[in-house]
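Notes to accompany the following structure.
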2 protein chains.
Amino acid sequence: MTQEINEVISPHEELLSETSGVDEETVDLFIDLVEAGARDGLIVAMEDYHPADMADVFEQMPRQTFNTAVKLLDDMLPGDTIAELSEDLRIDALNALSDKVVADVLGELDSDDAALLASDLEDDRQERVFEQINATDRAAIETSLNFDEETAGRLMQRDFVAAPEFWTVGQAIDHMRSTEDLPEPFFEVYLVDPGFRFVGAVPLSVLICAPRETLLSDLGVDISAAVKPDMDQEEVAYIFQQYNLASVPVLDEAGRLTGMITVDDMVDVIHQENKEDMLALSGVRDGGSYQSVWDAVQSRAPWLGVNLFTAFIVSGAISIFEDTLTEIIALAVLMPVVAALGGNAGSQALAVTVRAIAERDMQGARAGRAVRREFLTAMFNGVVFSVGVGLIALVWFKDPQLSGVISVAMFSTFIWAGVSGVLVPIGLEKLGADPAVASSVFVLTSVDIVAFSSFLGLATAVLM
Amino acid sequence: MTQEINEVISPHEELLSETSGVDEETVDLFIDLVEAGARDGLIVAMEDYHPADMADVFEQMPRQTFNTAVKLLDDMLPGDTIAELSEDLRIDALNALSDKVVADVLGELDSDDAALLASDLEDDRQERVFEQINATDRAAIETSLNFDEETAGRLMQRDFVAAPEFWTVGQAIDHMRSTEDLPEPFFEVYLVDPGFRFVGAVPLSVLICAPRETLLSDLGVDISAAVKPDMDQEEVAYIFQQYNLASVPVLDEAGRLTGMITVDDMVDVIHQENKEDMLALSGVRDGGSYQSVWDAVQSRAPWLGVNLFTAFIVSGAISIFEDTLTEIIALAVLMPVVAALGGNAGSQALAVTVRAIAERDMQGARAGRAVRREFLTAMFNGVVFSVGVGLIALVWFKDPQLSGVISVAMFSTFIWAGVSGVLVPIGLEKLGADPAVASSVFVLTSVDIVAFSSFLGLATAVLM
């Protein structure tokens, strides 16, 4: 307790520091401890840091030093720290530890974290490790491994607190007091009927304030949501956000309680889902949490490959106007301007729309309003920047006709960019495709084609 | 209770539907009720829906219908539903309601939600409304309004559960049982010293399982974090995610307990912060939660304005090679390919880096690893796609020299895109600028210049 008592005396100094992760000094301290091979010192020092911060410290070490640290700590490397490590370091750590140690780690973790680590193991090694875990824990881990990644089944933990609805508050509390290893954290007591079907939840904040003799079923049972094990984690995240939940019960087809997902796990999922959308929009596949250069290459090559061909399609469009380009070289100089501004207007509309779809903000009358808004925005920005482009071109090339041509081309490109930027993702969503992934190709390629062919086409008609 | 009892019998049918917001039938039902002017029917129907879902229903109505609904419901429009509405509808609703009704709404809400609504009111109206709220609630609202938007002070609620550390579990529980309107939800009891300074927190899940005579100070007080009222909400969100918190205490400079932030509020903040990063990267300012076309225009015009000039700078670079372009028109046809692929490689590196910075994944040795990874990825993709571009150009123009020139230009552009895509955001971050906002301009413009001038420059040297 001393450690805590010290903090208790004046916790705020350390608590109130702007905690943007761990600082360099801390990392250096641990590097020194590891390189000095000071096992006991390392173990003692680690106790002062939250597992998440320790994971950050390890991630900021040179990889070599980290590997040394793992060998040094061996069975004293805490499971909750391993679970917080980035995927690549996690795998390195697990590979460096003996089957026995890994088995102990899996045994001590919540089933959701244990499943995460177990899924990092090669199949045959997983076998060997599982043989050394007790039947209950092993069953829990194997059950959640049976569900696909990124589903509620993978996220849920198998330990939760459930009570028959006919129990009194007193019975429930006495039961909890007498129960070993309750899940940590838990925020609700789930009520079940004799068939173990979920019938409601009582928040601890309600339970703790109720008289002991009250029936649990009389405590305004709040069941705003429950999820199936096969529900996609993005759907689960939406439910948490929509209903401000602290935890959600996971029910099987018959409505029986099979697990619990707590909000602290959802916070990570929300980050991940947002990250995937953002990266997909920039043409990076599957979240870009890299183990290696090879992963980085694989996550980016597909979109570059597609773009290799769309880019030549655009060139094809330009080549139609070779004669005009030879005549008026100014067109070759100016055409990237039209494409660049149009491309930006397109990306803006696209990002806003993809985001709105992800937040379920594109349903009913709202979709119509969005399309109308994008059109009017494109009209307005189109007018402003077409005139701007025209004026700069006029000052530069002193050619009113050329200036008129680029203005008109710019304006039509703006309209196309705005409208396609909102309609394409909405359309792909309706077709069941992920708008974040597929939209950019269509929008940006079509914007380029409209930009170049409207500019060069108009020039051919007017200036030749 | 009947409502709940019904649900209790078989909740899972309705609970387990894939709840992607509310369905069209529901929206139509409510539209009909509103247009029929069926006030009582509307009020009864609303009771079956979660405030967040009701807000969705209203947002999916035609604006006209929504305004009718507000007038129809008047004082029966629940405050928690108003708080869930999008900003534009929220303001419409508040303007349509009388000062008295708004005052009652603010009075019934948690101080953080009340402050949100109050901040939507014109100053003079805010005055009038506040005069009709009781002193305590009013003080709470005004206090949080005194903090800047997007800070912990704005997010926190003023009601929390605190107990002297020397109390026993029993005293704490009896105290809570006897206290009216406790915050909902709350997950921890905060421990304070006689100076009301925060000394620790006891999770309810621990408290409820402890024997009544245990001292609160003996229940492993967990104080992994606390925040200052002026801390930026992005920082607060990071702390919640890093330490898997359910709630965090807000302390003043002296360490005195002044408020509490719960994770359900953070979930929305995390969404908002992610959204702002994603939109900023696409050149959309301040989150793009629009009230009007005018807002949309304002959020996008700045970046388009910057791009207007960067685009002409790029044109300037091209114009240097006018003579070469006149000679070999194929260059004008092919140059967009180099720029397009380079631009994509740049956006990919940029998105990955900006994301990693937001997740505090760019500190210590990790930054170095990231730069190395981007360089090698650019090398690899550079080789593959330079050869690809070269081959297609060869097939098309049957000119080995031209094909060689575009390959080399493509490769150098890839290297530049990858390296600038990771170094620029890291650099801007070190300079204290928001990498999500400012990076794209630098990276994409420089990539275009490198693409065009390397391609046209090489062509001038080799082909002329």
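Quick notes
- Computed from the C-beta positions of A:Lys398 and B:Met464, the FRET efficiency with R₀ = 35 Å rounds to 0.80.
- When you filter the GluC sites (Glu not before Pro) in segment B:82-123 for DSSP loop state and at most 12 other Cβ atoms inside 10 Å of their Cβ, you are left with B:Glu122.
- Cα-centred dipole magnitude for segment B:240-284, charges only on beta-carbon of K, R (+1) and D, E (-1), debye, nearest 20: 80 debye
- Using the Karplus relation 6.51 cos²θ - 1.76 cosθ + 1.60 with θ = phi - 60°, the per-residue 3J(HN,Hα) values for segment B:54-65 come to 4, 4, 4, 4, 4, 5, 8, 6, x, 3, 4, 4 Hz, with x marking Gly and Pro.
- Karplus-derived 3J(HN,Hα) values for segment B:395-408, using 6.51 cos²θ - 1.76 cosθ + 1.60 with θ = phi - 60°, are 4, 6, 9, 6, 10, x, 4, 4, 4, x, 4, 5, 4, 4 Hz; glycine and proline are entered as x.
- Chain A: radius of gyration and largest Cα-Cα distance (Dmax), Å: 29.5, 94
- Only protein heavy atoms count here; under a 1.4 Å probe, B:Thr136 has an accessible surface of about 110 Å².
- Structure note, pairs A:Lys398/B:Lys398; A:Lys100/A:Lys228; A:Lys228/A:Lys430; B:Lys275/B:Lys430; A:Lys430/B:Lys71; A:Lys275/B:Lys430: Cα-Cα distances above 27 angstrom occur for A:Lys398/B:Lys398; A:Lys100/A:Lys228; A:Lys430/B:Lys71.
- Heavy-atom accessible area order for B:Ile173, B:Ile313, B:Ile329, largest first, 1.4 Å probe: B:Ile313, B:Ile329, B:Ile173
- Note that the protein assembly as shown carries a Kirkwood radius of 30.3 Å, evaluated over its alpha carbons pair by pair.
- Rolling a 1.4 Å probe over the protein heavy atoms gives segment B:200-258 an accessible area of 30 Å² per residue.
- Helix A:99-108 vs. chain A, principal-axis angle (Cα, 0 to 90°, nearest 10): 90 degrees
- Counting, for every residue in B:51-63, the Cβ atoms of other protein chains within 10 Å of its Cβ and taking the mean gives 3.
- Shortest-first nm distances, B:Asn146 label point to equivalent points in other copies (7 Å, Cα→Cβ): 5.8
- Amide H contacts of A:Glu188: A:Leu204, each under 5 Å away and 5 or more positions distant or on a separate chain (H built 1.01 Å from N in the peptide plane; Pro and chain starts excluded).
- Those trypsin sites (Lys or Arg not before Pro) in segment A:135-233 that DSSP places in a loop and that have at most 16 other beta carbons within 10 Å: A:Arg212
- Once both labels are positioned 7 Å from their Cα atoms along Cα-to-Cβ, the gap between B:Ala135 and A:Ala139 label points is 6.2 nm.
- For the peptide B:408-415, the mean number of other protein chain Cβ atoms found within 10 angstrom of a residue's Cβ is 0.
- Two-site FRET efficiency, A:Val383 against B:Ser86, from Cβ-Cβ distance with R₀ of 35 Å, rounded to 0.05: 0.80
- Here is the list for segment B:230-262: GluC sites (Glu not before Pro) lying in DSSP coil, each with at most 13 other C-beta atoms within 10 angstrom of its C-beta, are B:Glu253.
- Per-residue mean of foreign Cβ neighbours for B:151-161 is 0 (Cβ atoms of other chains, 10 Å radius).
- Cα-based helix-to-principal-axis angle, A:24-35 vs chain A, degrees rounded to 10: 60 degrees
- A:Gly200 long-range amide H proximity, modeled H, under 5 Å: A:Leu191
- Accessible area in the full protein assembly, largest first, 1.4 Å probe, for B:Asp56, B:Asp110: B:Asp110, B:Asp56
- Per residue accessible area of segment B:2-155, 1.4 Å probe, in Å²: 46 Å²
- With helices as the sole contributors, chain A gives -21500 deg cm²/dmol at 222 nm; each DSSP H run of n ≥ 4 counts as -39500 (n - 2.57), and the sum is divided by every residue.
- For segment B:2-155, alpha-carbon Rg over 2.2 N^0.38 Å: 1.14
- Under the Karplus curve 6.51 cos²θ - 1.76 cosθ + 1.60, θ = phi - 60°, whole-Hz ³J(HN,Hα) for segment B:309-323, x wherever Gly or Pro sits: 7, 4, 4, 6, 4, 4, 4, x, 4, 5, 4, 4, 9, 3, 4
- In nanometers and ordered shortest first, the copy-to-copy spacing of the A:Asp32 label point, defined 7 Å from Cα toward Cβ, is 7.6.
The values are calculated or read from the model by the stated rules, or taken from the named source; none is laboratory data. Because the structure is a prediction, the values reported are computed rather than measured. All Cβ positions, glycine included, derive from the backbone under ideal geometry; neighbour counts span all protein chains shown. The accessibility values were calculated without ligands, DNA or RNA, using every heavy atom of the protein model including side chains. Shrake-Rupley method; radii C 1.70, N 1.55, O 1.52, S 1.80 Å.
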